[in-house]
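The block underneath contains the structure these notes are about, expressed in structure tokens.
The values are calculated or read from the model by the stated rules, or taken from the named source; none is laboratory data. Remember, it's a predicted structure, so these values are computed and weren't measured experimentally. Glycine gets a Cβ as well: all are built from the backbone with ideal geometry, and neighbour counts include every protein chain shown. In case anyone asks, the SASA skips ligands and DNA or RNA and just uses the protein heavy atoms, side chains included. Shrake-Rupley method; radii C 1.70, N 1.55, O 1.52, S 1.80 Å.
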Amino acid sequence: MTDDLSRLSSSAYSQALEVIASVEPRIAEATRAELADQRASLKLIASENYASPAVLMTMGTWFSDKYAEGTVGHRFYAGCQNVDTVESIAAEHARELFGAEYAYVQPHSGIDANLVAFWSILAHRVEGPWLEKAQAKNVNELTDADWEELRRELGNQRLLGMSLDAGGHLTHGFRPNISGKMFHQQQYGTDPETGLLDYDKVAAKAREFKPLVLVAGYSAYPRRVDFAKMREIADEVGATLMVDMAHFAGLVAGKVFTGDEDPVPHAHIVTSTTHKSLRGPRGGIVLATEEYAPSVDRGCPMVLGGPLSHVMAAKAVAFAEARQDSFRGYAQQVADNAKSLAEGFLTRGTDLVTGGTDNHLVLVDVSKYGLTGRQAESALLEAGVVTNRNSVPADPNGAWYTSGIRLGTPALTTRGFGHDEFDTVADLIVDVLSNTQPGTTKAGGQSKASFVLADGVADRVRARSAEMLDKHPLYPGLELS
Ligand SMILES: *Cc1c(COP(=O)(O)O)cnc(C)c1O
């Protein structure tokens with residue numbers, strides 16, 4: 001931010017907090033405290049970032065008050081001309097940013113974007129042909145018996161996605177998730193030795209299972225994916241390729257992932273969040289080919305509630321930011337920093353799943369330290385390092401305690417951290433892990449949750465973090481009165 005903008009946002013936020021405090025002072029206080037906490041901690045949560053003041057402020061307006069179910073120019077409510085402007089601009093930026101044929105900017109979150117995509121694929125691939133067979137123009141013409149049969153058809157479709165413990169997301173067919181219940185699901189994993197995707201195995205599974213939907217994308221896989229290969233597999237078995245780029249959309253927007261690593265030219269449908277590496281407001285988007293656009297457009301009101309117009313406006317601002325040259329520099333730095341972090345661990349003898357990274361995240365296997373992921377996460381938090389525990393492939397400690405911690409570089413890269421800082425971050429984490437012992441249970445056995453961090457370590461780590469955080473302030477120049 002320029003000095004002028006810092007001055008403006010300082011007074012805007014200070015005044016906004018006064019207005020809030022006049023109604024509920026505790027919320028104003030919590031809002032101030034959240035800024036202080038975010039400024040003072042080492043944020044390594046791979047799915048988090050810091051949106052710009054412009055993006056944040058765009059969310060706080062009267063667009064929040066407007067209902068606008070439907071699509072641009074085709075609303076179920078009157079008076080949507082300004083929402084139409086906002087939604088058109090957001091969609092235009094999204095199409096240009098990603099080179100997509102069609103962009104739908106209404107989903108409220110990443111999961112909602114995936115539900116819209118599932119709906120769209122079922123409507124396009126199953127409902128459409130079925131209606132034709134039933135010689136009905138639309139669902140309004142169906143009898144109860146027709147409905148019965150259509151439900152059976154829709155509910156008997158197959159989905160193949162990456163398993164949760166290999167790095168996939170809950171919505172990629174995980175049994176307890178709705179995606180694992182509404183679809184017959186099977187999952188592909190990664191090689192238990194290398195931790196890497198094995199495309200031949202994915203292809204073999206697809207040939208045997210013949211899914212309607214092949215889902216690619218991940219939340220905790222530290223490598224790039226070859227989407228051209230995924231499309232080949234989908235085409236061979238007649239599946240729709242859906243790529244969920246929620247985590248790495250910023251690397252796609254910033255042209256770090258190009259060619260076969262860019263999902264947009266290869267997938268039929270691409271879904272994403274807007275608040276992770278893409279650095280926008282909390283929300284989701286769906287990108288699609290022309291073929292799928294009409295069914296994606298029916299997302300609201302068939303799947304989603306009324307669009308959050310204030311958030312669509314903030315998406316437009318964030319996409320405009322991501323189209324600036326400086327965002328490419330940011331995205332490249334995110335990937336370079338992940339490499340620095342990984343090297344920092346490897347030179348200090350720490351195990352990484354797949355032995356490194358070539359995206360924005362690093363998955364540390366903490367077994368060697370005699371700890372569970374849960375213990376590592378808690379010990380690190382005590383030292384002011386915010387991470388999240390994560391399963392490693394074939395995790396002996398299961399999905400709750402886990403054996404890993406997942407670290408991402410998008411947030412601290414926004415603050416300006418570079419190679420040296422990320423090397424220090426690795427050093428701090430190794431310091432904590434190697435000075436933590438498992439605690440004991442009430443019965444005297446070894447606990448998977450409690451831990452003992454050696455005296456002085458938390459203070460030492462906090463002091464070294466503070467040095468780096470002070471050098472790279474969050475929202476420089478923004479001061480609340
Ligand atoms: C984070 C994530 C989501 C969910 O996003 P929300 O906005 O929390 O709903 C979906 N898919 C993947 C791959 C993710 O990483």
If the cut-off is 17 Å between C-alpha atoms, which lysines fall inside it for LYS315, apart from same-chain ones fewer than 8 positions away? LYS66, LYS276
With all protein chains in place and a 1.4 Å probe, ASP235 shows an accessible area in Å² (nearest 10) of 90
Does the chain come out rounded, prolate or oblate, given a ≥ b ≥ c as the square roots of the eigenvalues of its C-alpha gyration tensor, rounded meaning a/c under 1.5 and, failing that, prolate meaning a/b above b/c? oblate
Any lysines whose Cα falls less than 26 Å from that of LYS201, other than same-chain ones fewer than 8 residues away, would be LYS181, LYS210, LYS229
Answer in debye to the nearest 20: the dipole magnitude of the stretch 112-243 about its Cα centre, from +1 Lys/Arg and -1 Asp/Glu charges placed on Cβ, is 180
For the chain, calculated [θ]222 nm from helices alone, where every DSSP H run of n ≥ 4 adds -39500 (n - 2.57): -13500 deg cm²/dmol
Once amide hydrogens are built 1.01 Å from N within the peptide plane, the residues lying 5 or more places from TYR475 or on another chain with amide H under 5 Å from its amide H are none
If you place +1 on the Cβ of every Lys and Arg, -1 on the Cβ of every Asp and Glu, and leave all else neutral, what size is the dipole of the stretch 62-322 about its Cα centre, to the nearest 20 Debye? 520
Mind checking which lysines have their C-alpha under 26 Å from LYS368, skipping anything on the same chain fewer than 8 residues away? LYS43, LYS339, LYS442, LYS448
Rounding to the nearest 20 debye, state how big the charge dipole of the chain is about its Cα centre with +1 on each Lys and Arg Cβ and -1 on each Asp and Glu Cβ. 740
The rounded separation in angstrom of the Cα centers of the stretch 138-196 and the stretch 366-441 is 32
Sequence ranges 239-245, 384-390, ranked by mean other-Cβ count within 10 angstrom, highest first: 239-245, 384-390
Could you order the peptides 135-147, 202-214 from most to least packed, using the average number of other C-beta atoms within 10 Å per residue? 202-214, 135-147
Quick one: with all protein chains in place, what share of the accessible area of the stretch 62-322 is carbon or sulfur, to the nearest percent (1.4 Å probe)? 50
Please list, in chain and number order, the residues 5+ apart from GLY280 or on another chain whose amide H is under 5 Å from its amide H, with Hs placed from the backbone. HIS275
Rounded, prolate or oblate for the stretch 62-322? Axes are the square roots of the Cα gyration tensor eigenvalues, ordered a ≥ b ≥ c, and the cut-off for rounded is a/c under 1.5. oblate
Per residue, how many Å² of accessible area does the chain show with a 1.4 Å probe? 43
Lys/Arg Cβ at +1, Asp/Glu Cβ at -1, dipole of the chain taken about the Cα centre: which of THR441, LEU196, HIS184 is farthest positive-ward? THR441
J(HN,Hα) series, the stretch 92-108, from Karplus relation 6.51 cos²θ - 1.76 cosθ + 1.60, nearest Hz, glycine and proline x: 4, 4, 5, 4, 5, 4, 9, x, 9, 5, 8, 10, 10, 9, 7, x, 7
